[in-house]
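The block underneath contains the structure these notes are about, expressed in structure tokens.
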Amino acid sequence: MSTELPGTVRGSWHRFLETYEPLRSELFRYCRHLTRSPWDAEDLAQDALARAFVVLGQMGHAPPNPRAWLFRVASNLWIDQQRHERHRAALTGAEPAVAAPDPIATREAAGTLLGQLAPQERAAVVLKDVFDLSLEDTAEALGTTTGAVKAALHRARGKLVDPEVETSRVPTPDVLDAFCAAFNAGDLDRLTALLLDSAVVEVVGATTQYGRESARNTVLWGMLFGTKRLADGTGVEARFVAGARATAPRVELRDHRGEWLVLHWYAHDDGDFVRAITRLDAHEGQIARLRNYFFNPDFVAEVCGELDVPFRPNGYRWTLGNK
């Protein structure tokens, strides 16, 4: 039974995605407005999909409005996170973490959703004013009444102001330079040696590997040498190949919102395009966590748009090839 269980879960997950994957782009946008950060938005969207998959398995019937229901799952997760943060701050006496103001969210929302808005207020404004949900659908997405939505909207709209955006540059850890040098040299051994034995290495939304050796033969190998599979349509749908060549990708560091990112440039018939982004968390000169964003097209588009670099999407999930 234990050997059959992963396959059964994967089959259920793929059936789940048939309904909810078309909503991924809207889900990311919604989470983006709530969190005001592309990083936090992608994390919240991934968590919402995972939670929705679990909750759906416990329901007696499918939700009649999948879009509003998925927004409700994301809303509940985010509101719970905010409550937990406030509770932690109250216990420790620390100031609650507040996301940096974001000019892009300002333009999209026709007003800045500042940290001073209560979570329910911010969610109500985003659902009603940005996604144009009716009062009834907004109430359904938030698990409340239309009267409560109207009250939340009234309170929130009186608090919207334009922020001042500040950015700061952080120094580059030596291990990030070493990672890029090893990657561009195609040196899998050097790349692996940079990881802690206990490192967590993740292709976000696709797979997570624990430990240096496990990551070497899966994620790291794929990042270095997976372009042949990409070029022949193994791993992504045919429509996403878009002239990709089997040439090894190159990487470079870019400063984005005060954090250093690794951009992965892939060669194509019509030029080079970013198809993936990697975040590295360093600890005592080695890599403790690696997160590779490859099957996250909305997130990659957002960050590349802010950095003003060309990009190509890979879709949302691994596929075994063209059919």
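The values are calculated or read from the model by the stated rules, or taken from the named source; none is laboratory data. On a predicted model such as this, the values are computed, not experimentally measured, just so you know. Neighbour counts are summed over all protein chains in view; Cβ atoms, including those assigned to glycine, are modelled from backbone coordinates with ideal geometry.
Residues checked against (1) at pLDDT 85 or above; (2) under 18 Å from LEU133 (Cβ atoms); (3) surrounded by 15 or more Cβ atoms within 10 Å (Cβ to Cβ); (4) within 14 Å of the chain's Cα centre (by Cα):
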position: GLU4; (1), (2), (3), (4): no, no, no, no
position: THR19; (1), (2), (3), (4): yes, no, no, no
position: ARG32; (1), (2), (3), (4): yes, yes, yes, yes
position: THR35; (1), (2), (3), (4): yes, no, yes, yes
position: GLU42; (1), (2), (3), (4): yes, no, yes, yes
position: LEU49; (1), (2), (3), (4): yes, no, yes, yes
position: PRO66; (1), (2), (3), (4): yes, yes, yes, no
position: ARG72; (1), (2), (3), (4): yes, yes, yes, no
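Report whether or not ASP281 is of a type in the set (Asp, Glu) and touching a Lys or Arg at 6+ places or on another chain (Cβ under 6 Å). Judged against the criteria, ASP281 is a match.
Looking at the stretch 120-140 only, could you name the residues that are within 15 Å of ARG29 (Cα to Cα) and in a helix (DSSP H, G or I)? Result: ARG122, ALA123, ALA124, VAL125, VAL126, LEU127, LYS128, ASP129, VAL130. With THR138, THR145, THR167 as the choices, which residue is among the polar types (S, T, N, Q) and either in contact with a Gly (Cβ under 9 Å, 6 or more places away or on another chain) or modelled with pLDDT under 80 (or both)? Only one candidate passes the filter, namely THR167. Look at ARG291 and say whether it is surrounded by 17 or more Cβ atoms within 10 Å (Cβ to Cβ), in contact with a Ser or Thr (Cβ under 8 Å, 6 or more places away or on another chain) and within 20 Å of SER37 (Cβ to Cβ). When the stated conditions are applied, ARG291 passes them. Among the residues making up the stretch 294-323, a single one is of a type in the set (Lys, Arg) and either surrounded by fewer than 15 Cβ atoms within 10 Å (Cβ to Cβ) or outside any loop (DSSP other than H, G, I, E, B) (or both): LYS323.
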